[in-house]
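Please read the structure below before turning to the comments.
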Amino acid sequence: MVGALERLGHASSFSGAWTGALFVLAAIIYVDDTDLLLRARSRDMTLDDFYAQCQAAVTDWGSIVLATGGYLKASKCFWYMMSWRWVKGVPQLRSLALLPNYELYIPQKSGTPATVPLRCVRDPEETLGVWPCPAGEFGTHVSKKMAAGHLWVKRLRRNRCPAADGWLGFRYSLIPTVTYGFAAITIDPTELEKQFQALYREVLSPLRVNKNIMRFYRMAPKRVMGLGMPNPCICMLSQAASSSDRMEPANLCRTDAPTVA
């Protein structure tokens, strides 16, 4: 399916920010989630020409999915247009107010195309458990994960489980939940640290530890009598480095792998 989309001319060239690897990408697919990444074919293209390029790619992809027996559900589809303008020498993404009122049309089984409205580049949308947006603002993602973390702590308080079981849940349930997606986001380290320290302070009491202990003892390793709570900034850096190390150019260039529509 992806190979067919590429042969129709809807692939784009990208260069990895970490590895510098150059690869051709037509779509990113995980089970039934698909992202089409399109770039203007030339710098001289107008917004209307680029919209026509996007519409052609979406129409072809929708037709390919229909040919396999599936279809694109309009309520689960969304799209962004990233167009920059220069303001006093600084590039800025155009907001919806500065873009034409574009709508994409996706083929449907009924024969009548469905419309997909254009989203603002600053409006995040959940994708595989991560809340990204083209403007690079990931505050929503961290807020969602912190909300899930505080809910976990409330449930721990109600259950009154032994401290040893609580620490086990802290290590293998709470921390993976609140650090999920760290490889795909960036956020101010000071703000990230502030939110995690507030969560750590809240979870200490049900873990039978004085919540007012100094930050040093929360974060210090156990070998120096600390609690060894994970440092969120180090977690984010390690996840990003690990993800980059696993991205081999040979794997990125493959477009003929079997997929599920």
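Key figures for this structure:
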quantity: The stretch 95-110, residues that are within 30 Å of Val65 (Cβ to Cβ) and open to solvent by less than 60 Å² (accessible area, probe 1.4 Å); calculated: Leu99, Pro100, Tyr102, Leu104, Ile106, Pro107, Gln108
quantity: Failed item, numbered, when Gly139 is tested on (1) within 21 Å of the chain's Cα centre (by Cα); (2) within 23 Å of Leu47 (Cβ to Cβ); calculated: (2)
quantity: Every residue from the stretch 93-107 that is in a strand (DSSP E or B) and touching a helix residue (DSSP H, G or I) at 6+ places or on another chain (Cβ under 6 Å); calculated: Leu104, Ile106
quantity: Subset of the stretch 1-15 (residues that are under 13 Å from Ala40 (Cβ atoms) and open to solvent by 30 Å² or more (accessible area, probe 1.4 Å)); calculated: Ser13
quantity: For Gly169: the one exception among (1) open to solvent by 30 Å² or more (accessible area, probe 1.4 Å); (2) closer than 30 Å to Leu199 by Cβ; (3) free of Cβ contacts under 8 Å to residues at least 40 places away in the same chain; calculated: (1)
quantity: Test: residue in the stretch 123-138 that is closer than 19 Å to Asp32 by Cβ, part of a helix (DSSP H, G or I), open to solvent by 80 Å² or more (accessible area, probe 1.4 Å) and not small (Gly, Ala, Ser); calculated: no
quantity: Near pairs, Cβ below 8 angstrom, 6+ apart or cross-chain, from the stretch 109-132 (touching a residue at least 60 places away in the same chain (Cβ under 8 Å) and at positive phi) to any residue that is open to solvent by less than 70 Å² (accessible area, probe 1.4 Å) and of a type in the set (Asp, Glu); calculated: Leu128/Asp33
quantity: Enumeration of residues in the stretch 187-218 that are outside any helix (DSSP H, G or I), open to solvent by 90 Å² or more (accessible area, probe 1.4 Å) and touching a residue at least 12 places away in the same chain (Cβ under 8 Å); calculated: Arg208
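The values are calculated or read from the model by the stated rules, or taken from the named source; none is laboratory data. Predicted model only: the values in this text are computed from it and were never measured. Neighbour counts run over all protein chains shown; Cβ positions are idealised from the backbone, glycine included. Keep in mind that these areas ignore ligands, DNA and RNA; they rest on the heavy atoms of the full protein, side chains included. Shrake-Rupley method; radii C 1.70, N 1.55, O 1.52, S 1.80 Å.
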